[in-house]
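Trainee: Before I ask anything, let me first share the structure, which is written out below as structure tokens.
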Amino acid sequence: MKNLVIRLAKISAILLAAFALIVALVPKLRLLDDTSFSPCYVDRNGRLLRLGLADDDRYRVYVPLEKISPELVEMTLLHEDRYFHEHAGFNPFALVRASWADARGQGRRLGASTITMQLARLHYHFNTRTVWGKLCQIVAAIHIECHCSKHEILEAYLNLAPYGRNIEGAGAASLIYFGKEPGGLSRVEAMTLAVIPQSPARRSPGSAVHEAALRKAREILLTQWLQSHPEDDRLHGVLAMPLEMKLPRDLPFRAPHLIGEMAWRDESPKGETRLALDLSLQDLLERQTAQYLATRKTEGFKNACALLIDYRTMEIRAAIGSADFGDKDIQGQVDGLHSQRSPGSALKPFIYALALDEGLIQPNTLLKDAPASFDGYDPENFDHDFAGPIPAHDALIQSRNVPAVDLESRLDPHRNLYTLLSAAAIRHLQPQSHYGLTIALGSAEVSPEEIGTLYAMLANRGVLHPLRFTPDQPMETGLSLLSPEASYLTLDMLKDAPRPGAVDVPLLARDARPVAWKTGTSFSYRDAWSAGVFDNYVLVVWVGNFDGEENPEFVGRTAAAPLLFSMIDAIRAREPIPAKTCFTLTPDLNLRQVDLCAVSGMIAGPNCLHKVKGWFIPGKSPIAVCDVHRRVWIDNLTGLRLPGEPKNPAQAHAEVREFWPSDLSKLFQAAGLPRRAPPSIAKTETSSAIAHDLDKGPTIVSPKKGLIYHIRVGTADDEMLNLEATAETSRDHLHWFVDATYLGISEPSSALLWKLQPGRHVIRAVDDLGRADSREITVTSVE
């Protein structure tokens, strides 16, 4: 007994001397600064996506004390150190009790370490089985108490405490064992974790022996807990149930491509990364992808990507970089969302949006879908056919190639599709001359992420925002690339495209909510695309092979669109109908709706019999009263058109006929769409003058205004230019002049060849009534 007293006196003297020295010399301590933490990614609701190892091959996730379950904190203190808030780092009474028991050799060893002492051991890695190690632990605990608050000490302990195997800290233990953050633990789960650090090797789950020891420790803690919480007596029954705890081998490996991209972005030295991704939506899209590929496996469908964006916040809600990350046969580890590929026709909506903004079209403007050549580039439609005159609305949703290329050729060269893609920071763009007009049909490669950003721009009224990977990532102001009106009208056109297989969907099963969508098919059938805007989302789907293998089945409408709509239907089945979307017409939009001629697309005139409602942008859209439908008098005997109203009403009758330019008239005829053209004018003294008033003069369509032509020296004899003009159907001939030289005669919308000559020239086309149109061109010689 005397020796024990002497021993305790020496210990006390050493501790007092150490305390004075620590306070005087040791700088302020930062408990977790040198600790390595695991990379941890959770979804927007805190569900674990991936947990990696820290630098020392341990699972350790930093969690602030405020985000740890208060019950876990209280139970830990009750089990480990109930006098934590009263002592100064060590409990002398517990030390005396433990030393006395040890000296007398009583049964099991009694624990005397406070939480602060345990933290000192974990932080400094002392060997506390020796007397010297124990003394160092006590001195370090005093040091910690002198320089850290109780809050900081408890937070550090709960982030470093051992929870079995290579799991440290309540954050990692909660995620691994229960698949949830420590702030969401139930009482039973909190009680389970609270007892593990005292004996982690014996109480960690994984075997029947360990689980028995864990259950026994929980029962002891429950007895203590009920002394201050008698209302929780029902926990007896819950604790008797089998443990449901997962192990590190059960850790999830979700959204690997997105997390891989985030890994190099994450600069946080500790703590978890909360992604904007929604795991339930991720699961939904992954199931849809797997099921779809399984049904079309025999057609060579092996791989697919999908990206879901909430365009209101630009947060990524689901991301599938490949069909199977672990499948080497499909190169599953390649991130398809970040890979650039030919988009086919998926970028056409932006050509139409630019054309709306530049006043070239409104949705009902007639465009020409006919064979055309653009400086040697001769685009064809996917079906190798031509529709003739077609409204812009129909040309877009039917994805006609020639009208898109024609619009791109007419856009301001400083504000065309290339400049829009450049402003949108599309990666790896070549110089504009590399693409030419082929950019309209997908020669500029883009990634699904970039496609998604562009379609979200349409949903956000023409304002481009970057994607957001985390909820706390700031929402940038954005860059306005299109007007709100052009963006709205483009989506309004796209929403009228019938979904694939719509004829097979029963009327009662159809969802009336709009989907503005477009497809794309790359050259040589390597990539099938479909992108859609619906509700509050943008969804992009890609189907293909990462090795670029061709497959004639890889057509956007039949390969990618069905998967797009199966995903949309699945998402809509689980989410409420939004009150407001990008399809909602808001008062700030400068749009007007008027009666349009259903045939010409212009404002309906008094002679237009068929009318439709249509939108236009005041001050921008090319809008005029329809002059195609005109009321004419036709002689009852000859069937010829009279120059004016007859003096004898019985001599003639009035009819509404269509006065089309010659080029459109020919297109209607070629497309098998005959129009009610006016008959020839009866020969009278005044017929020429009347016809001059009724008919329009010629309009030169080639050459175009403002062009400069270059001819190579030595090849001037081979350089020819097509001269072509349109005229209304009553004119039979056009006379061509270059400067003062007469070239010859052509029919309206038929070409006359002229050999280019260096210099500035004025080209004129004159009809039989002397009406003319002219163009100024410049021809230069180059070496």
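The values are calculated or read from the model by the stated rules, or taken from the named source; none is laboratory data. Computed from a predicted structure; not experimentally measured. In this analysis, Cβ positions are derived from the backbone assuming ideal geometry, glycine residues included, and neighbour counts consider all displayed protein chains. Note: accessible area is taken over every heavy atom of the protein model, side chains too, but ligands, DNA and RNA are not part of it. Shrake-Rupley method; radii C 1.70, N 1.55, O 1.52, S 1.80 Å.
Trainee: Of all residues being under 17 Å from D81 (Cβ atoms) and without any contact (Cβ under 8 Å) to a residue 60 or more places away in the chain in segment 191-203, which is least open to solvent (accessible area, probe 1.4 Å)? Just the residue, please. Reasoning before the result, please.
Mentor: Keep residues of segment 191-203 that are under 17 Å from D81 (Cβ atoms), which gives 191, 193-200.
Now drop any that are not without any contact (Cβ under 8 Å) to a residue 60 or more places away in the chain, which leaves 196, 199-200.
Details: I196: 0, S199: 23, P200: 32 Å².
By that ranking, first place goes to I196.
Trainee: Turning to a different aspect of this structure: Show the residue pairs that are 6+ apart or on different chains and have beta-carbon atoms under 8 Å apart, the first residue being within segment 547-564 and closer than 19 Å to Q331 by Cβ and free of Cβ contacts under 8 Å to residues at least 60 places away in the same chain, the second being polar (S, T, N, Q) and surrounded by fewer than 24 Cβ atoms within 10 Å (Cβ to Cβ).
Mentor: E550/S524
Trainee: Considering every residue within segment 560-570, establish whether at least one is open to solvent by 20 Å² or more (accessible area, probe 1.4 Å), assigned to a loop (DSSP other than H, G, I, E, B) and not small (G, A, S).
Mentor: no
Trainee: Take the conditions assigned to a helix (DSSP H, G or I), in contact (Cβ under 8 Å) with a residue 60 or more places away in the chain and either polar (S, T, N, Q) or closer than 28 Å to F382 by Cα (or both) and apply them to I351. Does it pass?
Mentor: Numbers: assigned to a helix (DSSP H, G or I): yes; in contact (Cβ under 8 Å) with a residue 60 or more places away in the chain: yes; either polar (S, T, N, Q) or closer than 28 Å to F382 by Cα (or both): yes.
Against the criterion (assigned to a helix (DSSP H, G or I), in contact (Cβ under 8 Å) with a residue 60 or more places away in the chain and either polar (S, T, N, Q) or closer than 28 Å to F382 by Cα (or both)), I351 qualifies.
Trainee: Would you check if M75 is open to solvent by less than 70 Å² (accessible area, probe 1.4 Å), at pLDDT 70 or above and more than 22 Å from I142 (Cβ to Cβ)? Break it down into steps so the answer makes sense when it comes.
Mentor: On the way: open to solvent by less than 70 Å² (accessible area, probe 1.4 Å): yes; at pLDDT 70 or above: yes; more than 22 Å from I142 (Cβ to Cβ): yes.
When the stated conditions are applied, M75 passes them.
Trainee: Need the failing condition index for K297 against (1) out of contact with any strand residue (DSSP E or B) (no Cβ under 9 Å at 6 or more places or on another chain); (2) buried (at least 24 other Cβ atoms within 10 Å of the Cβ); (3) not polar (S, T, N, Q), just the number.
Mentor: Here K297 clears every test but (2).
Trainee: Would you check if there is a residue in segment 716-736 being on the phi < 0 side of the Ramachandran plot, at pLDDT below 85, surrounded by fewer than 18 Cβ atoms within 10 Å (Cβ to Cβ) and of a type in the set (V, I, T)?
Mentor: no
Trainee: Hey, can you tell me all the residues within segment 454-501 that are in a helix (DSSP H, G or I) and either open to solvent by 40 Å² or more (accessible area, probe 1.4 Å) or over 24 Å from A395 (Cα atoms) (or both)? Write out each step before concluding.
Mentor: If we filter segment 454-501 for residues that are in a helix (DSSP H, G or I), which is where we start, we get 454-459, 484-494.
If the condition is that a residue be in a helix (DSSP H, G or I) and either open to solvent by 40 Å² or more (accessible area, probe 1.4 Å) or over 24 Å from A395 (Cα atoms) (or both), then P484 is the only one that fits.
Trainee: Determine, yes or no, whether E747 is acidic (D, E) and open to solvent by 30 Å² or more (accessible area, probe 1.4 Å).
Mentor: On the way: acidic (D, E): yes; open to solvent by 30 Å² or more (accessible area, probe 1.4 Å): yes.
Judged against the criteria, E747 is a match.
Trainee: Additional query: So, H710, is that one part of a helix (DSSP H, G or I), open to solvent by 80 Å² or more (accessible area, probe 1.4 Å) and either of a type outside the set (D, E) or at pLDDT 75 or above (or both) or not?
Mentor: Details: part of a helix (DSSP H, G or I): no; open to solvent by 80 Å² or more (accessible area, probe 1.4 Å): yes; either of a type outside the set (D, E) or at pLDDT 75 or above (or both): yes.
So H710 does not fit the description; no.
Trainee: Count, please, the residues in segment 204-243 that happen to be under 23 Å from V73 (Cβ atoms) and open to solvent by 90 Å² or more (accessible area, probe 1.4 Å).
Mentor: 8
Trainee: How many residues, within segment 508-547, are charged (D, E, K, R) and either assigned to a strand (DSSP E or B) or within 21 Å of N303 (Cα to Cα) (or both)? Walk me through it before giving the result.
Mentor: Applying the first criterion (charged (D, E, K, R)) to segment 508-547 yields 510-511, 513, 518, 526-527, 535, 547.
Now narrow it down to the ones that are either assigned to a strand (DSSP E or B) or within 21 Å of N303 (Cα to Cα) (or both): 518, 526-527, 547.
Residues that pass the stated criteria total 4.
Trainee: Then there is this: Name the residues in segment 571-602 that are open to solvent by 60 Å² or more (accessible area, probe 1.4 Å), touching a residue at least 12 places away in the same chain (Cβ under 8 Å) and either assigned to a strand (DSSP E or B) or not aliphatic (A, V, I, L, M) (or both), would you? Before the answer, list the steps.
Mentor: So in segment 571-602, the residues open to solvent by 60 Å² or more (accessible area, probe 1.4 Å) come out as 573-574, 576-577, 579-580, 585, 587-588, 590, 592-593, 595.
Still in the running and touching a residue at least 12 places away in the same chain (Cβ under 8 Å): 574, 577, 585, 588, 590, 592-593, 595.
R574, D588, N590, R592, Q593, D595, listed by residue number.
Trainee: Further question: Restricting the search to segment 300-338, which residues are among the polar types (S, T, N, Q) and surrounded by fewer than 20 Cβ atoms within 10 Å (Cβ to Cβ)?
Mentor: Scanning segment 300-338 gives T313, Q331, Q333.
Trainee: Say we look at segment 162-190 and pick out the residues that are touching an Asp or Glu at 6+ places or on another chain (Cβ under 7 Å) and among the small types (G, A, S); which of these is surrounded by the fewest Cβ atoms within 10 Å (Cβ to Cβ)?
Mentor: Going through the qualifying residues, I end up with A190.
Trainee: Kindly check whether there is at least one residue in segment 369-388 that is outside any loop (DSSP other than H, G, I, E, B), open to solvent by 10 Å² or more (accessible area, probe 1.4 Å) and modelled with pLDDT of 90 or more. Lay out the reasoning, then the answer.
Mentor: At the first step, the residues of segment 369-388 found to be outside any loop (DSSP other than H, G, I, E, B) are 369, 374, 377, 388.
Checking which are open to solvent by 10 Å² or more (accessible area, probe 1.4 Å) leaves us with 374, 377.
Now narrow it down to the ones that are modelled with pLDDT of 90 or more: none.
No: segment 369-388 contains no residue that is outside any loop (DSSP other than H, G, I, E, B), open to solvent by 10 Å² or more (accessible area, probe 1.4 Å) and modelled with pLDDT of 90 or more.
Trainee: For residues that are open to solvent by less than 80 Å² (accessible area, probe 1.4 Å) and free of Cβ contacts under 8 Å to residues at least 60 places away in the same chain, tally how many sit in segment 750-767. Steps first, answer last, please.
Mentor: Of segment 750-767, the ones open to solvent by less than 80 Å² (accessible area, probe 1.4 Å) are 750-752, 754, 756, 758-759, 761-763, 765-767.
Of the ones still in play, those that are also free of Cβ contacts under 8 Å to residues at least 60 places away in the same chain are 750-752, 754, 756, 758-759, 761-762.
Selection size over segment 750-767: 9.
Trainee: Across segment 608-635, what is the number of residues that are in contact with a strand residue (DSSP E or B) (Cβ under 6 Å, 6 or more places away or on another chain), surrounded by fewer than 17 Cβ atoms within 10 Å (Cβ to Cβ) and in a loop (DSSP other than H, G, I, E, B)?
Mentor: Here the count works out to 1.
Trainee: Take segment 594-626 and flag every residue that is more than 44 Å from the chain's Cα centre (by Cα) and modelled with pLDDT under 90.
Mentor: Matches in segment 594-626: L609 only.
Trainee: A further question on this structure: Considering every residue within segment 51-60, establish whether at least one is open to solvent by 80 Å² or more (accessible area, probe 1.4 Å), closer than 29 Å to A172 by Cα, of a type outside the set (D, E) and at pLDDT 90 or above. Write out each step before concluding.
Mentor: Step one: of segment 51-60, the residues open to solvent by 80 Å² or more (accessible area, probe 1.4 Å) are 55, 57-58.
With closer than 29 Å to A172 by Cα added as a condition, the list becomes 55, 57-58.
If we keep only those that are of a type outside the set (D, E) too, we end up with 58.
Adding the requirement that they be at pLDDT 90 or above leaves 58.
The answer is yes; a qualifying residue exists.
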